[in-house]
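One structure below.
The values are calculated or read from the model by the stated rules, or taken from the named source; none is laboratory data. Everything numeric in this text was worked out from a predicted model, so none of it was measured. So basically every Cβ, Gly included, is an ideal-geometry build from the backbone, and we count neighbours across all protein chains shown. Calculation scope for accessible area: heavy atoms of the full protein, side chains included, ligands and nucleic acids excluded. Shrake-Rupley method; radii C 1.70, N 1.55, O 1.52, S 1.80 Å.
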Amino acid sequence: MKTRGLLFFALALLTLLRWMWLAPQELAPSEAYLALCGHTPSVAYFEGPGATAICVALGTKWAGATALGATLLWPVFAVFATLALYFLVAPLTGRLGATVAALLLNLLPAFNAAALQPTCALPLTMFSLGFAACAWRALATSSIAWWLGAGACAAGGLLFDYLAWFFLPALLVVMLTSHRWRPQFLEPGFWLAALLPFAALAWLIVWNAEHGWVHFIGGTWQTATTLDLRRAPQALAAAIWGASPFLLPALAAALWFALREIRHARLGKFLAVPALFAALIAAYLALQDSPAGAAGLLAAALVLPLFVRLPIPQPLLLALFLGTALWTAGGLALRQNSPPIATAEVMREIEALRGTQTTDPAAPVFLVAHNAALASALALQLTDTSFVPAGHPPVYVVESPYADSQFALWPRYDQFIEAAKPMAEEAQDPFTEQDGTNPFLWRSALYITPQKPDNLPQAITAAFAHHRLLAEITTPSGEILRVYLCAEYETLPL
């Protein structure tokens, strides 16, 4: 009980310190984009499953449009991930080994970085450890409740990222290769657990079918099977940064020894197979030049139970603790935060300009930004949204046939909508199959961008009758935002 009390105290202190670290920071562009997406709750968005964006939006709703608000829940995810690891390791090696694993997890540089940045990495780690903890107890007791807990963790992971797909297949391999666990397939527990992640996956597939399969059309079979071995040194350097040069060799050795004994050690098999799955996925993504941080953190977290089973001398263990702690502290000290693109003061100036240029309340001036990051940052700071049509983003991005963000899936100012059907007595044009109208025609917009007048895109210069530079605003980061008044929207010529 004393060990648990110290662990809970340490976790509470770490959570408070992480919130204090985030409190003075400004909202990053990527965080603003996630928050704006999450304000319209959906199972998925352009970039993938939607739980990350929804959690960011909830944080900004509770704590404001700041870095603390956007990342408010991530230190909490870190606590639950640590507790999941503790309850996974405790029945395997005892409370002392579980405490060591929990402390090492919180010393990992990648884990601390994930706790201070709203990405899918930390929730995935939390759900993977929870899945393993529930699955171990389900295999030992055949309890339907533990099986459902494992299924819920697998489904929860899928709502954050598709990377959680490997949870069940890894367990399936473990059970198929174990004489003791193979009979579990004749019981309903495993199959009931599989229903929940399959339901989550079906929900995501339905969303994709309704939105042009945007999650799966980014590449071809050739790109999926092409690996660039020249990226191996870069991948190794990323692994050293994420696990520290002190702990990475120890984790690799723990996985190696577990794989050597995998045929005869049931416990090692249960722990090593999912860790190997995650490590191989991380290596594959790194060699494809895709983000591999989430998979790498999963692999490190899943190997920790194997590491604490090794007979490591206490002086060496203390050296690993100290070296990893210093490495993590140094990384946090050198970390540079992204400068804010737009603040409340900047948005107040833009709102004042919009108010002075709106002469007809029936056709208010709307806002267009240079890209999705700037549009999101401005939208979160907007105080008056009365001019925004229902369902539309508060700030648009420049019209383009190329879809590169969630803004392509939201209503746009260049879209035509079906016009009202004419009365029966009105004559209809026999050559028109369907009439469409654009409510933004002949309206004016403010285009906010760092671009100079000579570099404005054709979507602005050709789509509006005329434009002129209205103001220049210097942001706190020193960047100059230029505000152009673009009058009489005519749409781009064909």
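Looking only at residues in the stretch 26-43 that are small (G, A, S) and surrounded by fewer than 22 Cβ atoms within 10 Å (Cβ to Cβ), the one that is nearest to A133 (Cα to Cα) is S42. Within the stretch 71-102, restricting attention to residues that are under 25 Å from the mean Cα position of the chain (by Cα) and open to solvent by 10 Å² or more (accessible area, probe 1.4 Å), which residue is farthest from G268 (Cα to Cα)? Among residues in the stretch 71-102 that are under 25 Å from the mean Cα position of the chain (by Cα) and open to solvent by 10 Å² or more (accessible area, probe 1.4 Å), the one farthest from G268 (Cα to Cα) is L72. Considering each residue of the stretch 271-282 in turn, none proves to be at positive phi and of a type outside the set (A, V, I, L, M, F, W, C). Just one of (1) in a helix (DSSP H, G or I); (2) surrounded by 12 or more Cβ atoms within 10 Å (Cβ to Cβ) fails for V214. It is (1). Restricting to the stretch 126-155, give me the number of residues that are over 24 Å from L73 (Cα atoms) and open to solvent by 20 Å² or more (accessible area, probe 1.4 Å). Selection size over the stretch 126-155: 10. Please go through the stretch 438-449 and pick out each residue that is open to solvent by 60 Å² or more (accessible area, probe 1.4 Å) and either over 10 Å from A487 (Cα atoms) or not aromatic (F, W, Y) (or both). Selection gives P439 alone. Whenever a residue of the stretch 478-494 is in contact (Cβ under 8 Å) with a residue 24 or more places away in the chain, its partners that are acidic (D, E) and in a strand (DSSP E or B), lying with C-beta atoms within less than 7 angstrom and at least six residues away or across chains, give the pairs I480/E472; R482/E472. Residues of the stretch 63-87 that are out of contact with any helix residue (DSSP H, G or I) (no Cβ under 7 Å at 6 or more places or on another chain) and at pLDDT below 95: G64, T66. The condition (being β-branched (V, I, T) and out of contact with any Asp or Glu (no Cβ under 9 Å at 6 or more places or on another chain)) is satisfied by just one residue among T66, T93, T52, T60: T93. Within the stretch 354-367, is even one residue closer than 17 Å to L34 by Cα and among the hydrophobic types (A, V, I, L, M, F, W, C)? Taking every residue of the stretch 354-367 in turn, none turns out to be closer than 17 Å to L34 by Cα and among the hydrophobic types (A, V, I, L, M, F, W, C). Counting the residues of the stretch 291-323 that are among the β-branched types (V, I, T), more than 26 Å from the chain's Cα centre (by Cα) and modelled with pLDDT of 90 or more gives 1. Within the set R335, R348, the sole residue that is closer than 18 Å to E472 by Cβ, in contact with a helix residue (DSSP H, G or I) (Cβ under 9 Å, 6 or more places away or on another chain), surrounded by fewer than 16 Cβ atoms within 10 Å (Cβ to Cβ) and at pLDDT below 95 turns out to be R348. Has the stretch 82-90 got at least one residue that is within 17 Å of F307 (Cβ to Cβ) and part of a loop (DSSP other than H, G, I, E, B)? Scanning the stretch 82-90, I find no residue that is within 17 Å of F307 (Cβ to Cβ) and part of a loop (DSSP other than H, G, I, E, B), so the answer is no. Across the stretch 217-234, which residue is least open to solvent (accessible area, probe 1.4 Å) among those that are part of a loop (DSSP other than H, G, I, E, B) and within 25 Å of G50 (Cβ to Cβ)? Residue satisfying both the conditions and the ranking: G219.
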